[in-house]
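Engineer: Here you go, one structure.
The values are calculated or read from the model by the stated rules, or taken from the named source; none is laboratory data. Computed from a predicted structure; not experimentally measured. Glycine gets a Cβ as well: all are built from the backbone with ideal geometry, and neighbour counts include every protein chain shown. With ligands, DNA and RNA removed, areas are computed over all heavy atoms of the protein, side chains included. Shrake-Rupley method; radii C 1.70, N 1.55, O 1.52, S 1.80 Å.
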Amino acid sequence: MRLKNGALRLLTVIVLGTLLSFSWWYTVLNVRDIGEEEEVQSQFLDLQRRLQIAEAVNQRVSQDLTSVLESIKHIIAEKRSATRNQTKETKKDVNITGNHKYHVLNAYYYLPHLAQSENSLRPNVAIGQGRTNVSLVLGIPTVKREKQNYLMDTLNSLLYELSQEERSDCIIIVFIAETDVQYVDSLAADIKKSFPSEVQSGLLEVVSPSPGFYPSFTDLKETFGDTRERVKWRTKQNLDYSFLMLYAQDKGRFYVQLEDDIIARTGYFQTMKNVALQKTSVEWMVMEFSQLGFIGKMFNTYDLPLIVEFILMFYKDKPIDWLLDHILWVKACHPEKDAKHCDRQKSSLRIRYKPSLFQHVGTHSSLPGKIQNLKDKDFGKQILHKAHTNPSADITTSLTAYQQFSIEKAYYGENFFWALQPVSGDHITISFHPPVTVKSYLFRSGNIEHPGDKLFNTSVEVQPANKLLLENMNEGLLAKYEQTKDGYVRIGAFVNGVAEGEVPPFMEKVTAVRLFIHSNSPVWVLLSEIFIKTDL
């Protein structure tokens with residue numbers, strides 16, 4: 001206010017002085033006699049007096065302006081000092097497994113409640129080896145569902161047929177978006193039990209938020225016709241995505257957002273990696289490997305901080321897929337152009353890949369009571385079994401086949417074999433008449449649609465045609481193999497649903513190959529590939 005009043009006073013003095021000066025010179029130029037000259041002199045003296053007064057006023061105004069500017073400088077200096085102090089107090093370098101730090105100062109601005117807890121942005125790393133520098137980081141948020149949980153099937157699908165090289169170049173992060181410690185620990189234990197090698201290698205990580213991460217959801221406005229419960233669900237979902245992205249941002253080159261109720265197309269990893277590497281010379285912001293919601297959306301990890309900040313700005317206002325579209329609008333669209341022009345501009349930053357690499361399979365949404373039968377039409381049909389030319393054989397099994405999915409059709413490459421839960425002592429026996437020389441074998445259980453229907457605790461056994469081999473099992477090369485009471489030799493076992501190996505040459509010809517199940521299984525069993533390679 002002082003600055004404004006001082007400026008007005010200065011402006012008044014200048015205008016007044018200019019008008020008086022103009023008036024005096026006009027009078028001088030129009031003098032006609034001595035009387036008039038005396039009058040002009042009198043006016044001049046009056047003008048001089050007024051200018052002196054104006055000069056004094058101007059000096060006071062100048063002093064006032066200087067004082068105001070000094071006050072402003074002082075205030076700015078105080079605020080900068082306060083900001084620096086506040087930054088020191090509130091800037092939390094979130095330490096992830098001791099090595100990863102994220103500067104998340106802006107999160108405190110959009111989520112002021114975070115300042116109430118020192119560890120509000122520190123994730124609970126339930127499972128993790130600190131793997132970094134991979135090509136693809138896959139993020140999967142999951143929550144406690146009232147009905148069916150699809151997470152294990154999703155993980156099985158993603159891990160199905162990944163090569164060793166791909167497993168070394170990837171991280172799958174499961175974000176359990178719950179603060180119930182008992183539930184988090186229980187689910188983490190289930191994951192560790194189901195995928196021990198993936199956990200041990202660092203391929204699979206499990207994290208959860210701190211109890212102080214989520215704000216109160218009591219002040220949310222109902223918008224777009226959504227119920228209060230749905231608004232709360234989508235608002236929390238936005239925060240879940242943000243937390244997961246912050247955690248993932250320095251772990252690899254590309255980040256892929258997934259859901260916990262999807263299946264993946266065979267070869268998805270290499271396809272995504274190849275497509276992304278081919279676009280390194282092109283400016284893009286999101287690659288879509290599915291047309292549904294926020295499934296299969298890939299980002300450069302260096303874009304994640306920008307995306308997270310945008311989400312946090314409007315996390316209460318709109319669903320995540322709408323916010324993503326708004327980000328593209330801000331970056332690409334001209335406000336004076338029409339919608340068609342905007343769509344063309346956005347398409348340059350939003351690359352759509354077909355066919356889709358991920359399919360939504362969940363029926364029961366994470367929103368309680370919601371049934372969601374969404375399907376991606378661009379996903380197409382999957383290869384559910386792989387055929388090979390196998391030697392003629394008689395196949396028997398103690399397992400109960402489901403409908404038309406018989407073991408004979410699987411062996412001869414016509415379909416896959418699907419059976420009810422195995423129990424200890426069940427078997428699949430492939431008998432050769434006459435005996436054959438088997439060089440190698442491959443049995444793959446589960447398929448892309450039913451990746452969890454695998455064989456566990458199951459051995460591969462052969463029955464040598466030469467019975468003398470069985471009499472000398474404790475000698476030489478035979479000593480490391482276990483012999484069964486009914487004349488079989490155990491040469492391999494299923495690992496992660498696959499049994500693959502060579503038959504020792506000294507076995508010569510065999511009369512049978514058998515899969516023997518040693519324990520009860522909680523799931524059905526599916527054989528999608530059988531390959532018996534002989535010397536023919």
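Engineer: How many residues does segment 151-164 contain that are surrounded by 22 or more Cβ atoms within 10 Å (Cβ to Cβ) and either among the small types (Gly, Ala, Ser) or assigned to a loop (DSSP other than H, G, I, E, B) (or both)?
Structural biologist: 2
Engineer: Inside segment 191-226, can you point out the residues that are closer than 23 Å to residue 251 by Cβ and among the charged types (D, E, K, R)?
Structural biologist: Correct list: 192, 198, 205.
Engineer: Out of the residues in segment 130-150 that are open to solvent by 20 Å² or more (accessible area, probe 1.4 Å) and touching a helix residue (DSSP H, G or I) at 6+ places or on another chain (Cβ under 7 Å), which is farthest from residue 187 (Cα to Cα)?
Structural biologist: The extreme case among them is 135.
Engineer: Can you tell which of 387, 410 is without any contact (Cβ under 8 Å) to a residue 60 or more places away in the chain and either of a type in the set (A, V, I, L, M, F, W, C) or open to solvent by less than 20 Å² (accessible area, probe 1.4 Å) (or both)?
Structural biologist: When all the criteria are applied, what remains is 387.
Engineer: Here's a follow-up. Based on this model, can you work out whether residue 465 counts as touching a Pro at 6+ places or on another chain (Cβ under 6 Å) and surrounded by 17 or more Cβ atoms within 10 Å (Cβ to Cβ)? Show your work before the answer.
Structural biologist: Details: touching a Pro at 6+ places or on another chain (Cβ under 6 Å): yes; surrounded by 17 or more Cβ atoms within 10 Å (Cβ to Cβ): yes.
Yes, satisfied.
Engineer: Looking at this structure, is residue 204 in contact (Cβ under 8 Å) with a residue 12 or more places away in the chain, crowded, with 22+ Cβ neighbours inside 10 Å and within 22 Å of residue 322 (Cα to Cα)?
Structural biologist: No.
Engineer: Still on this model: Among the residues of segment 283-291, is any closer than 19 Å to residue 171 by Cβ, open to solvent by 30 Å² or more (accessible area, probe 1.4 Å), out of contact with any His (no Cβ under 9 Å at 6 or more places or on another chain) and not aromatic (Phe, Trp, Tyr)?
Structural biologist: So far as segment 283-291 goes, no, none of its residues is closer than 19 Å to residue 171 by Cβ, open to solvent by 30 Å² or more (accessible area, probe 1.4 Å), out of contact with any His (no Cβ under 9 Å at 6 or more places or on another chain) and not aromatic (Phe, Trp, Tyr).
Engineer: Determine the pairs where a residue that is under 15 Å from residue 136 (Cβ atoms), located within segment 295-311, has a partner that is in a helix (DSSP H, G or I) with Cβ atoms under 6 Å apart, the partner being 6 or more residues away or on another chain.
Structural biologist: These pairs meet every condition: 304/245.
Engineer: Have a look at 294, 299, 310 and point out the one that is in a helix (DSSP H, G or I), among the aromatic types (Phe, Trp, Tyr) and either surrounded by fewer than 18 Cβ atoms within 10 Å (Cβ to Cβ) or within 17 Å of the chain's Cα centre (by Cα) (or both). Break it down into steps so the answer makes sense when it comes.
Structural biologist: Numbers: 294 fails: in a helix (DSSP H, G or I); 299 fails: in a helix (DSSP H, G or I).
After ruling out the rest, the residue left standing is 310.
Engineer: Hey, another quick one. Working only within segment 230-287, note down all residues that are within 27 Å of residue 149 (Cβ to Cβ) and of a type in the set (S, T, N, Q).
Structural biologist: Within segment 230-287, 235, 237, 238, 242, 257, 266 qualify.
Engineer: Same structure again: It is to be established whether one or more residues within segment 263-284 are in contact with a Cys (Cβ under 7 Å, 6 or more places away or on another chain) and in contact (Cβ under 8 Å) with a residue 40 or more places away in the chain. If you could, list the steps in order and put the result at the bottom.
Structural biologist: Looking only at segment 263-284, we keep the residues that are in contact with a Cys (Cβ under 7 Å, 6 or more places away or on another chain), and these are 269.
Among the residues that remain, those that are also in contact (Cβ under 8 Å) with a residue 40 or more places away in the chain are: 269.
Yes.
Engineer: Could you list, in sequence order, all residues of segment 243-285 that are closer than 26 Å to residue 310 by Cβ and among the β-branched types (Val, Ile, Thr)?
Structural biologist: 256, 262, 275, 280, 282 - these are the residues of segment 243-285 that are closer than 26 Å to residue 310 by Cβ and among the β-branched types (Val, Ile, Thr).
Engineer: When residue 399 is evaluated against the numbered criteria (1) surrounded by fewer than 17 Cβ atoms within 10 Å (Cβ to Cβ); (2) assigned to a loop (DSSP other than H, G, I, E, B); (3) not aromatic (Phe, Trp, Tyr), which criterion, by number, is the only one it fails?
Structural biologist: Failed condition: (1).
Engineer: Let me ask something additional. Could you look through segment 481-536, keep only residues that are acidic (Asp, Glu) and in contact with a Ser or Thr (Cβ under 9 Å, 6 or more places away or on another chain), and pick out the one that is nearest to residue 152 (Cα to Cα)?
Structural biologist: The extreme case among them is 529.
Engineer: Quick one: in segment 349-365, which of the residues that are in a loop (DSSP other than H, G, I, E, B), of a type outside the set (A, V, I, L, M) and at pLDDT 85 or above is least open to solvent (accessible area, probe 1.4 Å)?
Structural biologist: Per the stated criteria, the residue is 356.
Matching residues to (1) modelled with pLDDT under 95; (2) open to solvent by less than 60 Å² (accessible area, probe 1.4 Å); (3) closer than 30 Å to residue 149 by Cβ:
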residue	(1), (2), (3)
441	no, yes, no
448	yes, yes, yes
481	yes, yes, no
489	yes, yes, no
510	yes, yes, no
513	no, yes, no
536	yes, no, no
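Engineer: Oh, and also: Taking segment 165-187 on its own, how many of its residues are among the hydrophobic types (A, V, I, L, M, F, W, C) and open to solvent by 10 Å² or more (accessible area, probe 1.4 Å)?
Structural biologist: Looking only at that region, the number is 2.
Engineer: May I ask you to list pairs of residues, at least six apart or on different chains, whose Cβ atoms are under 8 Å apart, with the first in segment 129-140 being under 15 Å from residue 174 (Cβ atoms) and the second being part of a loop (DSSP other than H, G, I, E, B) and small (Gly, Ala, Ser)?
Structural biologist: Note: pairs meeting the criteria are 129/202; 131/202.
Engineer: While we're looking at this one, here's another question. Considering only residues that are in a loop (DSSP other than H, G, I, E, B), open to solvent by 10 Å² or more (accessible area, probe 1.4 Å) and at pLDDT 90 or above, which ones fall in segment 216-264?
Structural biologist: The answer is 249, 250, 259.
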